[in-house]
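Heads up, the thing below is written out as structure tokens.
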Amino acid sequence: MTERRTRCEDHGGYGGAIASRARLLVGLSAPWSGLLALALVAGCLSVLPAEAADTPHPRDKPAEDAVDNPPALPEPAPAEKPAGKPAEKPRDKPLPLGSAAPTPEPAPEAEATKPEAASSCLGDLRARGAKVVARPDAVTQARCGVEEPVELSSMGAVLFDPAPILACDTARKVADFVSGTLSELASKHYGTGISTIRVAGAYECRGRNRQPGARLSEHAFGRALDMRGVTLADGGNFSVLPRADKDMTVDARFQRAVRKAACGPFTTVLGPGSDAYHDDHMHFDTKPRRSPYCR
Ligand SMILES: [Zn+2]
């Protein structure tokens, strides 16, 4: 059987070859040997199933491949992914927008610029010749609040007496006005500069016009400065007083000119004639408004 199996494997069971082999082994005549050959071939073929049983291994491999295919099935899933990917891609696109996450970064930068802007306010003032210091300690009452409170002692050669506590941005506007427009008007009307701004008030946690129950004044936010008058470089004095429109004295003309020029740089300008509370000083503030309020 071993030999026969070997024949079958080596020669594929050719009938003619097996018949001739049978004749040699058994010594039968041709007719009988033919029948024997058929029987051998049949036996050989019957052995094949056993071999086929061995071959199934290669078939098992395909089965394993099929097992491997299942992972290949996930591949069709990847085929689904392309469909899913487009959906994810739009999500990825927002990610590139996320890469615009540098956008959120600008926000942190904006936040960073706030403290920088705050310090730049002081820096600006000092660069322009102001003597100014931060005074966060000057604002302690909870109902009032001042954005970056500072104490402005002087602007160039002009002193503030007493030094007002103001929000830094308002202090900058005051400093600009004093060193610019106000000094120019003093020079034009008096032929000299200003040595001192006589201050009647600045930051103060109170209601408007000091009235009980009144809404908070701009003074409560450090956005207002009350000017009683100015001392000129030549020693002269100008004081804010009620003056008739017909009054053509230099003090009257200077007072009208200052009030007019201040309207714009400051959003609120009040003085003598506005009401009973402003006969002895001019009130300048930087209250946020759509248009200045001056009267
Ligand atoms: Zn005031």
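Rule-based calculations on the coordinates, nothing more; no lab input. Predicted model only: the values in this text are computed from it and were never measured. Here Cβ is always computed from backbone atoms with ideal geometry, including for glycine, and neighbour counts include all displayed protein chains.
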Across all Cα atoms of segment 107-294, Rg and the largest Cα-Cα distance (Dmax), in Å, are 16.6, 57
Computed from the beta carbon distance with a Förster radius of 51 Å, FRET efficiency for residue 280 and residue 120 to the nearest 0.05 stands at 0.90
Length gained, residue 209-residue 287, 0.36 nm per residue minus C-alpha separation, equals 26.5 nm
1/(1 + (r/R0)^6) with r = Cβ-Cβ of residue 184 and residue 131, R0 = 25 Å, i.e. FRET efficiency to nearest 0.05, evaluates to 0.75
